[in-house]
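Engineer: Following this message is one structure expressed as structure tokens.
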Amino acid sequence: MKPDAIYASPLDEIVDFQFDDKVASVFPDMIKRSVPGYSTVIATTGVLAKRYFSRDSRIYDLGCSLGAATLTMRKALQGEQGEIIAVDNSASMIERAKALVAQDSADFPLHFQRADICDIEIKNASMVVLNYTLQFIPPAQRQGLIDTIFQGLRPGGILVLSEKIAFDDAHKQSLFIDLHHSFKKANGYSELEISQKRQAIDNVLTPETIPQHRQRLIQAGFSSADVWFQCFNFASLLAVK
Ligand code: GEK
């Protein structure tokens, strides 16, 4: 795993964070050291796939990056009949994900699509995974995307929605941001790296509160939407159609 040192040296200008080749090349290290609970969420996505996948249906992994969730679900669904559609709009992510899948021996059908997740058609899905990606979609487009996902799910199908979250309570907001920084420091990031990355990502990542997410999911038509995992300001919800 190539170590992430993108923000390790002082930068003259901090540009908005992008999922380019520099990021894709260090992504597994970056996400593991930056997102508390990431490996639990990925492993549990496989457990949920095993439970909720239904024969001849599709699973969508929206904002698949290097395909961590896709590879876990594929392994869980060996021998089943259906397909995974893994979507990302970053060419670097899709190319590298394809190379990783080429080394994977699981036989569950998988197709990559390079597209904006707000423009794709979703149909015949038993499960949709949105792991840490809705946060990069402009807030005004989020309800439309969640509505499209709901409509493309079979009855009883699920959406797994994992996000960085915000808090209405100012004390909780600053406490969890602080704890997240401590988590990053404990994982070897310096103060400079943490602060430069924060400047780069603040304009492109808009976290929302759990009540905002739940309200949007219920408005779309989901019969339930519950937090099944949270570590500091990162949470995952399970919404059932
Ligand atoms: C994982 N789910 O490892 N359309 C398609 N892809 C997009 C869009 C968009 N509009 N916006 C962003 N992306 C992964 C981690 S990372 C989260 C997801 C993070 C893609 C973007 O290219 C990137 O690959 C991914 O969403 C977000 O479980 O880095 O914090």
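The values are calculated or read from the model by the stated rules, or taken from the named source; none is laboratory data. Quick caveat, the model's predicted, so the values are computed rather than measured. Here Cβ is always computed from backbone atoms with ideal geometry, including for glycine, and neighbour counts include all displayed protein chains. Accessible surface is based on the protein model in full, side chains and every heavy atom, while ligands, DNA and RNA are left aside. Shrake-Rupley method; radii C 1.70, N 1.55, O 1.52, S 1.80 Å.
Engineer: Kindly indicate the residue of the stretch 132-160 that is buried (at least 18 other Cβ atoms within 10 Å of the Cβ), of a type in the set (A, V, I, L, M, F, W, C) and more than 11 Å from the ligand (Cβ to nearest atom) and also nearest to the chain's Cα centre (by Cα) among those meeting that condition.
Structural biologist: Filtering the stretch 132-160 for residues that are buried (at least 18 other Cβ atoms within 10 Å of the Cβ), of a type in the set (A, V, I, L, M, F, W, C) and more than 11 Å from the ligand (Cβ to nearest atom), the one nearest to the chain's Cα centre (by Cα) comes out as Leu159.
Engineer: Select from the stretch 72-98 the residues that are hydrophobic (A, V, I, L, M, F, W, C), out of contact with any helix residue (DSSP H, G or I) (no Cβ under 7 Å at 6 or more places or on another chain) and open to solvent by 20 Å² or more (accessible area, probe 1.4 Å) and list them in ascending order.
Structural biologist: Listed by number, the list holds a single entry, Ala91.
Engineer: In the stretch 58-71, which residues are more than 9 Å from the ligand (Cβ to nearest atom) and open to solvent by 20 Å² or more (accessible area, probe 1.4 Å)?
Structural biologist: Result: Arg58, Leu71.
Engineer: Look at the stretch 60-82 and say how many of its residues are in contact with a Leu (Cβ under 8 Å, 6 or more places away or on another chain) and closer than 15 Å to Glu121 by Cα.
Structural biologist: 2
Engineer: Right, another one. Is there a residue being closer than 21 Å to Ala68 by Cβ, of a type in the set (Val, Ile, Thr) and either touching a strand residue (DSSP E or B) at 6+ places or on another chain (Cβ under 7 Å) or open to solvent by 20 Å² or more (accessible area, probe 1.4 Å) (or both) anywhere in the stretch 174-184?
Structural biologist: Within the stretch 174-184, not a single residue is closer than 21 Å to Ala68 by Cβ, of a type in the set (Val, Ile, Thr) and either touching a strand residue (DSSP E or B) at 6+ places or on another chain (Cβ under 7 Å) or open to solvent by 20 Å² or more (accessible area, probe 1.4 Å) (or both).
Engineer: Let me ask something else. Residues in the stretch 31-38: is at least one open to solvent by 60 Å² or more (accessible area, probe 1.4 Å) and within 13 Å of the chain's Cα centre (by Cα)?
Structural biologist: yes
Engineer: What's the total number of residues in the stretch 1-25 that are assigned to a helix (DSSP H, G or I) and within 11 Å of the ligand (Cβ to nearest atom)?
Structural biologist: Of the residues in that region, 2 qualify.
Engineer: With respect to Leu48, is the statement that it is in a helix (DSSP H, G or I) and either open to solvent by 30 Å² or more (accessible area, probe 1.4 Å) or out of contact with any helix residue (DSSP H, G or I) (no Cβ under 7 Å at 6 or more places or on another chain) (or both) true?
Structural biologist: Criteria met by Leu48.
Engineer: Here's something else I'd like to know. For Ile165, all conditions in the list (1) under 18 Å from the mean Cα position of the chain (by Cα); (2) closer than 28 Å to Lys75 by Cα; (3) surrounded by 21 or more Cβ atoms within 10 Å (Cβ to Cβ) hold save one; what is the number of the exception?
Structural biologist: Of (1) under 18 Å from the mean Cα position of the chain (by Cα); (2) closer than 28 Å to Lys75 by Cα; (3) surrounded by 21 or more Cβ atoms within 10 Å (Cβ to Cβ), only one is false for Ile165: (2).
Engineer: Here's something else I'd like to know. Would it be correct to say that Ser223 is closer than 17 Å to Pro36 by Cα, away from the ligand (no atom under 16 Å from the Cβ), free of Cβ contacts under 8 Å to residues at least 24 places away in the same chain and surrounded by fewer than 16 Cβ atoms within 10 Å (Cβ to Cβ)?
Structural biologist: So Ser223 fails the test.
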